[in-house]
Amino acid sequence: MTESEQDRLFSEAMAQYAGALARLARGYEADPDLRRDLEQELQVALWQSFAGFDGRCSLSTWVWRVSHNRATSYVLARKRLRGGESIEAIERADEAPSPSDRAEQDQAMALILSIIDRLDPPDRQILLLYLEGVTGAEIADVTGVSSDVAAAKIHRFKAMLTRRFAAAGETR
């Protein structure tokens, strides 16, 4: 692939997915300065990856796969500084402030993102893709898990959120 073709694919991907990549970076990194660094790393990794893009999958699948793989590598490199938890562990052990304290939509999203920020990279990847509206089949392609596993993780996450928000309504 020529460098101009690589540049074209990168430009096309950024036009379609720049906002999603920024949200993805937020899902992997809470610190604003480190998040900007991660966004740049994602863009560099994506541009470099197009040298090997052969069109056997959609542009969307390629962007998500490369971006999540790079973000996961980033998290694993930083894991010594902050540990991650599985959805199941958070569901059993988490006693975070109730959603009643988070009446505004922005506050509710902050709660969701704080939970996602604590997840192990595989669970985080599945949920961030789901929140971006990526189909179950494409989540399976990107993550390498079966669509049944992805669906189960999403279901547990949604059930956990439902319980939290329902509990908030009872305390008002």
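The values are calculated or read from the model by the stated rules, or taken from the named source; none is laboratory data. Owing to the predicted nature of the structure, the values given are computational and were not obtained by experimental measurement. In this analysis, Cβ positions are derived from the backbone assuming ideal geometry, glycine residues included, and neighbour counts consider all displayed protein chains. The protein model used for the area step is the full one, side chains on, heavy atoms only, and it has no ligands, DNA or RNA in it. Shrake-Rupley method; radii C 1.70, N 1.55, O 1.52, S 1.80 Å.
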Quiz item: Would you pick out the residues in the range 9-21 that are open to solvent by 60 Å² or more (accessible area, probe 1.4 Å) and touching a Ser or Thr at 6+ places or on another chain (Cβ under 9 Å)?
Solution: Gln16
Exercise. Answer with yes or no whether Thr72 is under 19 Å from Ala140 (Cα atoms), touching a Pro at 6+ places or on another chain (Cβ under 8 Å) and modelled with pLDDT under 95.
Key: yes
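Scan the range 161-169 and give yes if some residue there is of a type in the set (Val, Ile, Thr), surrounded by fewer than 12 Cβ atoms within 10 Å (Cβ to Cβ) and at pLDDT below 90, otherwise no.
Taking every residue of the range 161-169 in turn, at least one turns out to be of a type in the set (Val, Ile, Thr), surrounded by fewer than 12 Cβ atoms within 10 Å (Cβ to Cβ) and at pLDDT below 90.
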Quiz item: What are the residue pairs meeting all of these: first residue in the range 18-41, first residue under 15 Å from Pro121 (Cβ atoms) and in contact (Cβ under 8 Å) with a residue 40 or more places away in the chain, second residue small (Gly, Ala, Ser) and surrounded by fewer than 19 Cβ atoms within 10 Å (Cβ to Cβ), Cβ atoms under 8 Å, and 6 or more apart or on different chains?
Solution: Ala30/Ser114
Quiz item: modelled with pLDDT under 70, in contact with a strand residue (DSSP E or B) (Cβ under 9 Å, 6 or more places away or on another chain), surrounded by fewer than 20 Cβ atoms within 10 Å (Cβ to Cβ) and more than 24 Å from Glu39 (Cβ to Cβ), is that true of Glu91?
Solution: no
Quiz item: Considering only residues of the range 22-39 that are of a type in the set (Asp, Glu) and either in contact with a helix residue (DSSP H, G or I) (Cβ under 8 Å, 6 or more places away or on another chain) or part of a helix (DSSP H, G or I) (or both), which is least open to solvent (accessible area, probe 1.4 Å)?
Solution: Glu29
Practice problem: Output the residue which, of all residues in the range 98-112 that are at pLDDT 50 or above and either in contact with a strand residue (DSSP E or B) (Cβ under 9 Å, 6 or more places away or on another chain) or assigned to a helix (DSSP H, G or I) (or both), is least open to solvent (accessible area, probe 1.4 Å). | Solution: Leu111
Quiz item: Does the range 124-136 contain at least one residue that is part of a helix (DSSP H, G or I), at pLDDT 80 or above, small (Gly, Ala, Ser) and open to solvent by 30 Å² or more (accessible area, probe 1.4 Å)?
Solution: yes
Self-check item: Criterion violated by Trp64 - all others in (1) without any contact (Cβ under 8 Å) to a residue 12 or more places away in the chain; (2) surrounded by 12 or more Cβ atoms within 10 Å (Cβ to Cβ); (3) not hydroxyl-bearing (Ser, Thr, Tyr) satisfied
Solution: (1)
Quiz item: Which one of these does Ser58 not meet: (1) within 15 Å of the chain's Cα centre (by Cα); (2) open to solvent by less than 60 Å² (accessible area, probe 1.4 Å); (3) at pLDDT 90 or above; (4) of a type in the set (S, T, N, Q)?
Solution: (1)
